[in-house]
């Protein structure tokens, strides 16, 4: 990883496009931060193989590292990798659905999920959304609106985590009133984000259809996530 950091640093300095340079810096920062986190999370998972939260935490860190590596590959090769690493709408909708499910699950279990796993899950969704909407299919105004909704989702999630930690400090058995309000706000903000991304998905449908067909997916099934209820 040390050699990789040096190589990507050299490549970052060679880049002329400021947007790519910023994305490379962000990806390198994630990899640097998550390397030790993955080691710690993996050790914890090995020591406590029956602990669900340890496994979820390890998977969340690994997912962030994988996405950061995909970002580096895309920037270095100056093209999106084909096949498995293609950012498709399905991954965004599935990510939002899983995140929303975990948020709502806090009502029944305050101690089943680590705080960083929830925030890491949202960051993965935001990164994929930003990457997917950074295309010719999205107008500048529409992209700005999506970025604002991403920031709102972050703020609501931060408030939820703060209320969640306070409830845990009080040894609460269930979600407090403040936490319940934060859960509702967070679910609403990610729903608004998904709804805002939907027009971009429809405009990019021909390109996505080609990738889905090559991977043997059903386009109708993939697109159904756009219109499902919150």
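Brief remarks on what is shown
- Residues in the range 37-73 that a label on residue 115 would reach, taking backbone N under 19 Å of a point 7 Å out along Cα→Cβ: 37-38, 41, 53-58, 60-61
- By other beta-carbon atoms within 10 Å, ranking 160, 112 with the fewest at the front produces 112, 160.
- Spin-label pair residue 154-residue 46: with each label point 7 Å from Cα along the Cα-Cβ axis, the two points sit 3.4 nm from one another.
- The range 117-194 and the range 8-25: distance between their alpha carbon centers, rounded to Å: 28
- Compared with the alpha-carbon gap, the fully stretched path from residue 36 to residue 181 is longer by 48.7 nm at 0.36 nm per residue.
- Least to most buried among 111, 191, 93 (fewest other Cβ within 10 Å first): 111, 191, 93
Every number here is computed from the coordinates shown, using simple stated rules; none is lab data. Worth saying up front: this structure is predicted, and the values here are computed from it rather than measured. FYI the Cβ positions are ideal-geometry reconstructions off the backbone, even for glycines, and counts take in every protein chain you see.
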